[in-house]
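Undergrad: Pasting in a structure now, in structure tokens, and then I'll have a few things to ask.
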Amino acid sequence: MRRAVVSLCAALTVLATACGNDGGSHDWDEASEIGEPVLPAADSTAAADGYELVVGFSTSGDDAESIGCVTLVVGDIGIGCLGPDGTDGAASGWSARVRNDETRIIWNGVTASGSFSDVDHFVVWSSASPDGRRLEPIVESGTTHLIWVMEPGEAPWGVQWIDENGGLLNAQSFVGLPGS
Amino acid sequence: MTEELEDRLRRTYRAVAERTTVGAGERSVELRSDVDGPRDATRWSRLGLVAAAALLLIGGLAVLATTRSESRSSAGSAHVLPTWIPTAPPESDEVSRSRLALTSITTDDAVDVLTYASDSLALTVSVFRTSIDEFDGDRVEVRGGQSATVDGDEASGRLLWDGAEGPTIVVEWTGALSNGLASVIALVDGLILVDESTWNAATEFGGFTENWEIYRRRVGAVSVDLVGDLQSGLQLFVGGNGFSESSIDPGQCVREFGGGEDGVALVAVSRFPTGTATVTWFDGIDETVDLVPFVEGSALGVAVFERDDFDPANLPDVRCEESQ
């Protein structure tokens, strides 16, 4: 049952992303309130200050059955469980705005079959980059990720998903999320 | 109104100038040293006429300057928001076209500039609130009968539209457009005139907004909305169905089924702000409703038929006619 709920939430998140609006919530989610401990078997594939992207197995539900997925780890807390395509029980898209102490991260991950998976790069707009700045996607195990780590005091405005022809695939607003 | 006043003033200047010239010509005669009393009286009378004429001329110039200042002041508070932006032609293997990305927004007292781009097409929409130099070019029709000037071709060029009640719009493009010059005309047709507070709200965060609703207007039983933001694009919504201005064929209406607090209705949206919309119902009865401007400064009109005994999945055709 919980898998179904997770998949539903992920699907709704992807739908909100596709519509270009982030759902009207105007604060960061605390990692400790939405995340789960990461299994020690996970392998880190990308890391920077404040986060890791890991591939491994995560339990889902009380039956402790494991599924393979890509997870964003903030501090020591895992956020979400994404694909890859065909993985039983894993979502095909994930979006989170998460805070852990001083670290604030916007994460959008999609599988190859997910919306806008053909993104070439991102342009993020914020109080720190009022004219936009380019951000490269992280591609891992058939999934594509926007991982936007906020600078101190940076309030996000939104992100453009740009395709290989320089055209706009999607624009997603984060106006209202605070700069701390 | 302003042109009328200017014409009147110009006629006054011409009359004053003619009388002033006559007075000056006679004055050389008046300057003789042997002039007597009555001649003095005539002289002073004519000098008075010259002085009065000069005062009238100065006053007229002042009025004209004030009138022009007010006119420019009216345009000074005007901004526009696009409801449709052209796209580049699709690559051969592309199923769908990606849109142009909004890459910059600049604004000052004189001009707003929105810049859009992809790798193959760049386009700017400049909105001038001060006088600019016009350029020569071909005349094309925009916004249901108004005239614009086009200089260039489908690969690059510029279009100037000087709206009677608003700012001067210049659209410049470099690169092929998906539908040629018609794309640029559709852009101009879809511009919505907005006030400064709406412009500021739409551009404050780089074109991303917190609230998607720009306008909401009740027309009869239904809600007609302008929603979205500059980054994602603005869209017109009627009864929960979105469409763009470019999807409306000239002479026809877009038909939508709208639900409202007071019932359901057939809604027609036209490419001109005023005129009529006529539907022939399934029982053969014709009904005609006046179009009203969608919002102030819009080139679109909307009409609502408040009758709820029709099938939303099989809407009757609606014919729109522009008022002459």
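Undergrad: Under Stokes-Einstein, with the Kirkwood radius over Cα pairs standing in for Rh, what whole-number D in µm²/s applies to segment B:99-217 at 4 °C and 1.567 mPa s?
TA: It comes out at roughly 85 µm²/s.
Undergrad: Using 1/(1 + (r/R0)^6) with R0 = 51 angstrom and r between the beta carbons of B:ASP308 and B:ARG139, what's the FRET efficiency to the nearest 0.05? Working shown, then result.
TA: Values: r = 45 Å, r/R0 = 0.89.
Once rounded, the FRET efficiency stands at 0.65.
Undergrad: Report the net charge of residues surrounding A:ILE79, where surrounding means a beta-carbon distance below 12 angstrom and charges are Lys +1, Arg +1, Asp -1, Glu -1.
TA: Around A:ILE79, the charge tally is -4.
Undergrad: Provide the FRET efficiency to the nearest 0.05 for the A:GLU151-B:PHE243 pair, computing r from the beta carbons and using R0 = 35 Å.
TA: Computed FRET efficiency for A:GLU151 and B:PHE243: 0.30.
Undergrad: Then there's this: Evaluate E = 1/(1 + (r/R0)^6) for A:VAL139 and B:ASP153, where r is the Cβ-Cβ distance and R0 equals 56 Å; express this FRET efficiency to the nearest 0.05.
TA: Rounded to the nearest 0.05, the efficiency is 0.90.
We did not get these values from a lab; they are worked out from the coordinates using the rules stated. Since the structure is predicted, the reported quantities are computational estimates derived from the model, not experimental observations. Reconstructed Cβ throughout: ideal geometry from the backbone, glycine too, with neighbour counts over all protein chains shown.
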